[in-house]
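> The structure under discussion is supplied below as structure tokens; questions concerning it will follow.
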Amino acid sequence: MIRGSGFGTAIFSEYTPASTLANIFFEVALCNLLGKPVIIVKTKDAKAPSDFVRTEWVTYTTGKGAQLKKEFAGSVDAIIELAKYYDTLGDIAMEAEEIDLELAYERYKQSMLITNSTASKRKIKKILSRLSDLSDPSSSLKPARSRLRKSVAEFCKLLP
């Protein structure tokens, strides 16, 4: 599920059991490994694991729900800006002298997963069309290119 998501959200408090906290931060680490941004929400008194002490948090204080909502919305807005950045990186990969279809696909996919962007979906389908076009002189179907075509095709099947 993490691999297919655009970003993650982790929520914990001082009452979260250590075993649950370990699982939460294992999933945060997976998100980081897969390049997924994560919004971490914790209560004021919750202690963060030592590896995350310099991490930015959205802190919840009882009775300050409006502040939590504002800070969380700001974090989501920052992730949406990140999606625009990913889309731009995909465009750069497609416009390069040596087009990198795999990099473009990964960047458009990340953008689409975050924002459900119609433009990013269209660009992913264009990549699939290019990978499937046997008349394209750059489309010698080496195993890596064939795997990429299959990955893109499977992803496109999941799109609404």
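Throughout, read-outs are computed from the coordinates displayed, never taken from laboratory work. Just so it is clear, the model here is predicted, and its values are computed rather than measured. Neighbour counts are summed over all protein chains in view; Cβ atoms, including those assigned to glycine, are modelled from backbone coordinates with ideal geometry.
> Quick one: helix 101-115 against the long Cα principal axis of the chain, what's the angle to the nearest 10°, folded into 0 to 90?
40
> In debye, nearest 20: dipole of the chain around its Cα centre with unit charges on the Cβ of K, R (+) and D, E (-)? Intermediate values should be presented prior to the final figure.
Working: 24 positive and 19 negative charges, 106 e Å.
In total the dipole reaches around 500 debye.
> Is the shape of region 2-92 rounded, prolate or oblate, going by the alpha carbon gyration tensor and its root eigenvalues a ≥ b ≥ c, with a/c under 1.5 for rounded and a/b larger than b/c for prolate?
Working: a/c = 2.64, a/b = 1.42, b/c = 1.85.
Since a/c reaches 1.5 but b/c is at least a/b, the shape of region 2-92 is classed as oblate.
> Continuing with this model, one more query. May I ask for the angle, rounded to the nearest 10°, between helix 118-132 and the longest principal axis of the chain, with both axes built from Cα atoms and the value confined to 0 to 90°?
On a 0 to 90 degree scale, this one is about 40.
> For Thr62 and Asp77, compute 0.36 nm times the residue count separating them, minus their Cα-Cα distance, and round to one decimal in nm.
Numbers: separation 15, 0.36 × 15 = 5.40 nm, distance 2.37 nm.
Computed gain between Thr62 and Asp77 is 3.0 nm.
> Can you tell me the relative contact order of the chain? Whole percent, Cα pairs under 8 Å, sequence separation 6 or more. Display every interim value, and only then the final one.
Numbers: 167 pairs, mean separation 26.7, N = 160.
Relative contact order comes out at 17 percent.
> Also, quick follow-up: Note the full-extension length gain between Leu30 and Glu14 as 0.36 nm times their separation in residues minus their Cα-Cα distance, in nm to one decimal.
On the way: separation 16, 0.36 × 16 = 5.76 nm, distance 2.27 nm.
In short, 3.5 nm is gained.
> Could you give the angle, 0 to 90 degrees to the nearest 10, between helix 143-158's Cα long axis and the longest principal axis of the Cα atoms of the chain?
It works out to around 60 degrees.
> Tell me, in nm to one decimal, what length is gained between Ala96 and Ala153 on full extension, where the rule is 0.36 nm per residue of separation less the Cα-Cα distance? Spell out each step's value before the answer.
Numbers: separation 57, 0.36 × 57 = 20.52 nm, distance 2.30 nm.
Separation in residues times 0.36 nm, less the Cα-Cα distance, equals 18.2 nm.
> Grab the DSSP H runs of the chain that are 4 residues or longer, score each as -39,500 (n - 2.57), total them, divide by all residues and round the 222 nm result to the nearest 500 deg cm²/dmol.
Details: 5 runs with 93 residues, N = 160.
The helix-only estimate for the chain comes to -20000 deg cm²/dmol at 222 nm.
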